[in-house]
Amino acid sequence: MHYKSNDAAGSDSRGQSPEQMLRIIFDYTAKIANERSLISVLLHMANMGREMILADRCTVWLIDHIREELFTTVAHGVDEIRIPLGTGFVGHSVTTGEPLLVEDAYSDPRHNAENDQRTGYRTKSIITVPFVGNDGSIIGAYQAINKMDEQAIFTSIDLEHLTLAASYAGKSLESVMLHEEIAATQREIIFAMGEIGESRSKETGNHVKRVAEYSYILALGYGLSVEEAEQLKMVSPMHDIGKVAIPDAVLHKPGKLTEEEFELMKQHTITGYNLLKSSGRELMKMASIVAYEHHEKWDGTGYPRGLNGEDIHLYGRITAIADVFDALGSDRVYKKAWELDRILKLFEEERGRHFDPHLVDIFLQQFPKLLTIRQNYRDIE
């Protein structure tokens, strides 16, 4: 193998100078350290690896232990790829813990040419470097393809540099993966709690899914960030968690509630709030607001506190529209589902009375998307 080495003064025609290398490392490690999104971290890592060794493409592979596969959601030029664990060059590196430098992929029996055939790309030279976690276990691997020069062949110095990138980024990757696992567990718990509240009143699981999706669309339409809209989507299914404390005779009554029964029913907002308000978790605090205020009305005639206008938290105002829209369009023990024209008429009539007028406008603008969600998560009889 022949290659030119970099001297201390600057770069040669095949690599970055030490100064350029340090700048790339510092720039990307700073970006990675500030990210909590796994996809964003993987993208930064792929870009860092590509820039450090001047690769045409760089991919970050992770291990799916449940499916016994390697997968990538961030690969330059392609969509997600999944391969059986242990196959291909990356499978070899992940299984053995050894980095690889291959000058001619097609002369090596470990090369999986199916990806090239599927994408129309021609792989020539490959580097793979495994990521090692804090406990010494392998969590994934870098893979760089084709040097950006006439030969398109990587050198041992490129391997050293990609190994350096892996050592800088691997610990951050593990941290973000752990954060995402915790967040996913928290989402599952929150959704399950929401379903418990709805099951008490014999709602289907799809009701909470629809309310969650509607809330997300309305939040984005209002101008909330994707992150905040996602958070509202996660907590909105908890709006009726307080129904766990309402007697079955009231929840399942097919006719109109008496005044005494209705006062009892209204307590579910307070109960839900009290269940959630003491948590130190951001999502639980957000859920407590939704549980407390989703029955307040813009004109002050709602419950439990008779708040009006913007004194009602935005999360409550959004969830109110999502919940009422789904309730009107669904069969309940006390009514049949309404037709779409009747639903739209009610929202127009209640604009500025029950509902935030600006949110009603957003609801009407986003109505086609909401209908798509309703169709995708329709109740199966």
Requested in this report: Please specify each residue of region 280-301 satisfying the condition of being surrounded by fewer than 19 Cβ atoms within 10 Å (Cβ to Cβ) and more than 20 Å from Phe325 (Cβ to Cβ).
Outcome: Gly280, Arg281, Glu282, Lys285, Gly300
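Please go through region 323-360 and give me each residue that is of a type in the set (Lys, Arg) and either in contact (Cβ under 8 Å) with a residue 60 or more places away in the chain or in a helix (DSSP H, G or I) (or both), ordered by number.
First, the residues of region 323-360 that are of a type in the set (Lys, Arg): 332, 335-336, 342, 345, 351, 353.
Answer for region 323-360, where residues must be of a type in the set (Lys, Arg) and either in contact (Cβ under 8 Å) with a residue 60 or more places away in the chain or in a helix (DSSP H, G or I) (or both): Arg342, Lys345.
Could you say which residue among Asp135, Asp116 is more than 25 Å from Ile24 (Cα to Cα) and either in a helix (DSSP H, G or I) or β-branched (Val, Ile, Thr) (or both)?
Numbers: Asp135 fails: either in a helix (DSSP H, G or I) or β-branched (Val, Ile, Thr) (or both).
Only one candidate qualifies: Asp116.
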Report task. Can you confirm whether region 261-281 contains a residue that is modelled with pLDDT under 85, over 25 Å from the mean Cα position of the chain (by Cα) and charged (D, E, K, R)? Result -> no
Query raised in the report: Quick one: which helices (runs of 4 or more DSSP H) sit completely within region 224-322 and have at least 3 residues that are in contact (Cβ under 8 Å) with a residue 60 or more places away in the chain and in contact with an Asp or Glu (Cβ under 6 Å, 6 or more places away or on another chain)?
Result: none
Report task. Please state which one of Gly205, Gly223 is surrounded by fewer than 20 Cβ atoms within 10 Å (Cβ to Cβ) and at pLDDT 75 or above. Result -> Gly223
Query - Some residue of region 265-279 being exposed (fewer than 14 other Cβ atoms within 10 Å of the Cβ) and within 25 Å of Gly221 (Cα to Cα) - result: no
Query raised in the report: Which condition breaks for Glu181 when tested against (1) closer than 29 Å to Phe131 by Cβ; (2) touching a helix residue (DSSP H, G or I) at 6+ places or on another chain (Cβ under 7 Å); (3) modelled with pLDDT under 90?
Result: (2)
Query raised in the report: Since Leu164 meets every condition but one in (1) touching a Leu at 6+ places or on another chain (Cβ under 7 Å); (2) modelled with pLDDT of 75 or more, which condition does it not meet?
Result: (1)
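The values are calculated or read from the model by the stated rules, or taken from the named source; none is laboratory data. Keep in mind that this is a model prediction, so the values were computed, not measured. Positions of Cβ are backbone-derived with ideal geometry, glycine not excepted, and every protein chain shown enters the neighbour counts.
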